[in-house]
Amino acid sequence: MKMNKPALNKQALLKLLRFSVSDWNQMRSENPRVAIDLSGVNLVALDLSESNLKEVNLEQANLKGASLQYANLEGANLKQAILSDVNLNNANLERADLNGADLKRSHFRQSNLIEAILKDAHLVDAHLVDANLTCANLTCANLLQAGLQGAILRDADLTSAMLIAANLLDANLTRADLKQSIMLNALLIDTNLTAANLTCALLLSANLTGANLTGANLTEAKTAANLTCALLLSANLTGANLTGANLTEAKLELANMTNANLTDANLKCANLTNADFTGANLMGANLRNAKLELANMTNANLIGVDLMNADLMDASLPKGFPMPAAK
């Protein structure tokens, strides 16, 4: 009966990985159940493309500048690892633990990060174009100026994440949890935010042109979302909950807010030209000095709404609603 080979020690494993990825992968295929511990090792600038690092312990390892494209890191432990300037394009990081990892300026194009743990991860200037982050945990992650164009973030947890000036063009954030996230100057053009939770999110000067916010929640009992100066041209806000949201000076031309809840929302000086408020609840909303030219407010609830000095030229108002006098 053939006996199992004893596990190699850390230095022997490190030597093998540095010497030949091919030999390393063969060793892994022959010993699929052997636990591999490479915690704290130095793998700086190594070419580890296509390497099999599935479930390997790389906690606090230094992989700065390494190439890991097409590598298999499924279930790997990369807690607090240094992965800045790393090429992880097309890598498999499904269920990998990257809690607190340094991932600045790293590339994840088309990488698989499904259910990956990226809590407190440093992703400043990271490139995650077309990456799959479905159900990933990005709580408190720093994604300052990160490129997330076309990324899939369905059901991802981005609670308290830093997304200042992040590029989320055409990204899919369906049902994503973005509560208390900071998205100042973020680019959200054509982004899918269907049923996303944006409670207490900070979206000052964010660009949401053409974004889909159908059923999104932008409210909270104490502090609602802040969308001051946000660009929401042609955005779809059908059925969105914007209770108490701050949309001061927001640009919402051609926005679809059919059946949206805008109770107590602040839309002072907002541009709502050609916006559709059919069936929307605007009870107690502040629309002072707002531009509502050609806006459709048919069947909208305007009880207690403040329209002082609003531009209502050619706007469609509920039958019998009195035109406000300018002051």
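The values are calculated or read from the model by the stated rules, or taken from the named source; none is laboratory data. In this text the structure is predicted, and so the values were computed from the model without any measurement. Methodologically, a virtual Cβ is constructed for each residue, glycine included, from the backbone with ideal geometry; neighbour enumeration extends over all protein chains shown.
Remarks
- Extreme residue, surrounded by the fewest Cβ atoms within 10 Å (Cβ to Cβ), among residues of region 190-209 that are among the β-branched types (Val, Ile, Thr) and under 13 Å from the mean Cα position of the chain (by Cα): 194
- Hey, residue 184 touching a strand residue (DSSP E or B) at 6+ places or on another chain (Cβ under 7 Å), free of Cβ contacts under 8 Å to residues at least 40 places away in the same chain and surrounded by fewer than 20 Cβ atoms within 10 Å (Cβ to Cβ) or not: yes
- Criterion: in contact with a His (Cβ under 7 Å, 6 or more places away or on another chain), among the aliphatic types (A, V, I, L, M) and closer than 19 Å to residue 150 by Cα - qualifying residue of 88, 93, 113, 123: 88
- Flag if residue 169 is of a type in the set (A, V, I, L, M, F, W, C), touching a Cys at 6+ places or on another chain (Cβ under 8 Å) and outside any strand (DSSP E or B): no
- Residue satisfying condition, being surrounded by 18 or more Cβ atoms within 10 Å (Cβ to Cβ), under 17 Å from residue 209 (Cα atoms) and either modelled with pLDDT of 95 or more or over 26 Å from the mean Cα position of the chain (by Cα) (or both), within set 275, 235, 315, 285: 275
- Lone qualifier among 172, 185, 167 - being under 9 Å from the mean Cα position of the chain (by Cα) and under 24 Å from residue 233 (Cβ atoms): 172
- Test result for residue 248, closer than 19 Å to residue 169 by Cα, out of contact with any helix residue (DSSP H, G or I) (no Cβ under 9 Å at 6 or more places or on another chain) and not acidic (Asp, Glu): no
- Considering residues of region 302-312 that are on the phi < 0 side of the Ramachandran plot and not β-branched (Val, Ile, Thr) only, the residue surrounded by the fewest Cβ atoms within 10 Å (Cβ to Cβ): 308
- Scanning region 124-137 for residues that are of a type outside the set (S, T, N, Q) and in contact with a Ser or Thr (Cβ under 8 Å, 6 or more places away or on another chain) turns up 126, 127, 128, 131.
- Output for region 291-301, where each listed residue is surrounded by fewer than 20 Cβ atoms within 10 Å (Cβ to Cβ) and assigned to a loop (DSSP other than H, G, I, E, B): 293, 294, 298, 299
- Scanning region 13-40 for residues that are of a type in the set (S, T, N, Q), surrounded by 11 or more Cβ atoms within 10 Å (Cβ to Cβ) and in a helix (DSSP H, G or I) yields 25, 26.
- Total residues in region 19-50, condition basic (Lys, Arg) and at pLDDT 95 or above: 1
- Residue in region 256-273 that is under 15 Å from residue 207 (Cα atoms) and of a type in the set (S, T, N, Q) present: yes
- Residue match in region 86-106 (condition: touching a Leu at 6+ places or on another chain (Cβ under 7 Å) and farther than 28 Å from residue 167 by Cβ): no
- Which numbered condition residue 65 misses (of (1) closer than 20 Å to residue 114 by Cα; (2) surrounded by fewer than 19 Cβ atoms within 10 Å (Cβ to Cβ)): (1)
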